[in-house]
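Trainee: Got a structure here, written out as structure tokens. Questions coming.
The values are calculated or read from the model by the stated rules, or taken from the named source; none is laboratory data. Model, not experiment: these values are computed from the prediction. Glycine also receives a Cβ, built like all others from the backbone with ideal geometry; neighbour counts cover every protein chain displayed. Keep in mind that these areas ignore ligands, DNA and RNA; they rest on the heavy atoms of the full protein, side chains included. Shrake-Rupley method; radii C 1.70, N 1.55, O 1.52, S 1.80 Å.
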Amino acid sequence: TIPEHMRQFAEQQIQAQSPHAEIEQIPDYNIFRENSVILGAYLISQNSATFPFKTYKTMDSDPMASILNTLSKINEHNSSAGIQFTIRSARSNWRRSGIDLTRRVRKGEKFEHALHKNKKSKAFGFISENVLGKKENKNKPEEKYQLSPKEEEMIKGIEDKLSKAGIEINARIISVSDDETITRNNLDNLINSFSQYNLYRYGNSFKASVPRKQTMLIRDFIYRSFNEKQRVIVNTEEMAGLWHLPLHSTEAPNIKWLGARKAPPPSNIPKEGLLLGHSEYRGIDVPIYMKEEDRRRHLYIIGKSGVGKSVYLANLA
């Protein structure tokens, strides 16, 4: 779902990246039913925004397959569920803490010490050095901490995340069912399916935030509002792993695969004659005409049952 003024741009980008995808405008979905039990949660990050999540590049299979398979099994007791990502561009200063962290570690500071150094400790260090005076020990040589291979790998992961565009997201999961136990189980299963993105040491991981008052969460889900307190920052590569158009290798039931593609109208289509209909291809409407002399020739009509081949021939006659 996108703002109206961005529709054409979004369609162009989808068709550029996935030329065989067909875009169809549909009414908004509704997973809620009267007298059903509704339970929802936010997915928030365990660590700072500069720490990376696991991406599809380091996974053996399509990460979205696990989530889609979990969704496909939600079908009993009038159950339904929805996963929603509300996204926007991240602020320009989101990289600042990550750059500061990697710079201090590269200079020889211990990873844990650099990680837990906050603004308060910085301020205290500044005061003690400039007001109280810094104690110098010339006899003791300065020791430079040597990064372990795993720490070096994680620093590269942070730098790699900072090198790509940042996106702020609200990740909401809603579960609906007539049975409260099933509602909670479906929600837990969906939350657990996101654990595949977790990097537990020197990385980031998702955790669930379940509001006590569900009314605001449900309202934000319906109106797709952005909640500042529940935002998570990912880069474009991480977002591509969280959501993308299904691949042909994605093994999950109930995906609405395209049975046949629309073809563009021929470039030499007649501009006058009998108007047969209209061909709408990638947002461009082209009227289809048939010339008088072409109607006197043999022609054949292809179409599945019920599309109106016989009626069309009768109208031509």
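Trainee: Averaged per residue, what accessible surface does the chain expose to a 1.4 Å probe, in Å²? Walk me through the numbers on the way to the answer.
Mentor: Numbers: 22100 Å² over 317 residues.
Per residue, the chain has 70 Å² of solvent-accessible surface.
Trainee: Continuing with this model, one more query. So how do 50-56, 31-37 stack up, highest first, on mean other-Cβ count within 10 Å? Please report the intermediate quantities before stating the final value.
Mentor: Values: 50-56: 21.9, 31-37: 12.7.
Highest to lowest by the protection proxy: 50-56, 31-37.
Trainee: For q = 0.11, 0.14, 0.16, 0.21 Å⁻¹, what log10 I(q)/I(0) does region 198-317 give under the Debye formula with an equal point scatterer on each alpha carbon and no solvent?
Mentor: -0.73, -0.88, -1.02, -1.37
Trainee: Find the Cα radius of gyration of region 1-126, compare it with 2.2 N^0.38 Å by division, and give the number to two decimals.
Mentor: Output field value: 1.58.
Trainee: A follow-up question, please. Within 13 Å, Cβ to Cβ, of residue 183, how many net charges do the neighbouring residues add up to if Lys/Arg are +1 and Asp/Glu are -1?
Mentor: Result for the local shell: -3.
Trainee: Something else about it: Too long at a 20 Å Cα-Cα cut-off: which of 57/156; 150/229; 256/309; 54/110; 73/262; 107/164?
Mentor: Working: 57/156 15 Å; 150/229 32 Å; 256/309 26 Å; 54/110 24 Å; 73/262 32 Å; 107/164 24 Å.
Going by Cα-Cα distance, 150/229; 256/309; 54/110; 73/262; 107/164 fall outside the 20 Å limit.
Trainee: Quickly estimate the mean residue ellipticity at 222 nm for the chain, helices only: each DSSP H run with n ≥ 4 gives -39500 (n - 2.57), and the total goes over all residues, rounded to 500.
Mentor: Dividing the helical sum by the residues of the chain leaves -9500 deg cm²/dmol.
Trainee: Quick one: Cα centre-to-centre distance for region 286-317 and region 59-86, in angstrom?
Mentor: Taking the Cα centre of each part, region 286-317 and region 59-86 sit 44 Å apart.
Trainee: Please enumerate, by chain and number, the aspartates and glutamates with C-alpha under 19 Å from the C-alpha of residue 161, excluding those fewer than 8 residues away in the same chain.
Mentor: Reachable aspartates and glutamates: 100, 151, 152, 153, 237, 238.
Trainee: What FRET efficiency would be calculated for the residue pair residue 103, residue 146, taking the C-beta separation as r and a Förster radius of 30 Å, to the nearest 0.05?
Mentor: The pair residue 103/residue 146 has a calculated efficiency of 0.95.
Trainee: On the accessible surface of the chain, probed at 1.4 Å, how many percent belong to carbon and sulfur atoms?
Mentor: 51 percent
Trainee: Roughly what would the spin-label model give for residue 11 and residue 281, points 7 Å off Cα along C-beta, in nm?
Mentor: 1.5 nm
Trainee: Anyone know which of 253, 211, 27 comes out most mobile in the 10 Å Cα GNM of the chain?
Mentor: Comparing 253, 211, 27 in the GNM, the peak value goes to 27.
Trainee: Compare the Cα positions of 249, 267, 194 along the charge dipole of the chain (+1 at Cβ of Lys, Arg; -1 at Cβ of Asp, Glu; about the Cα centre) and return the one farthest towards the positive end.
Mentor: 194
Trainee: Right, next: I'd like the accessible area for residue 28, computed on protein heavy atoms only with a 1.4 Å probe and all protein chains in place. Round to 10 Å², please.
Mentor: Residue 28 has an accessible surface of roughly 100 Å² with all protein chains in place.
Trainee: Can you tell me the mean projection area, over all orientations, of the convex hull of the chain's alpha carbons? Units nm², please.
Mentor: Dividing the Cα hull surface by four gives the mean projection, 25.9 nm².
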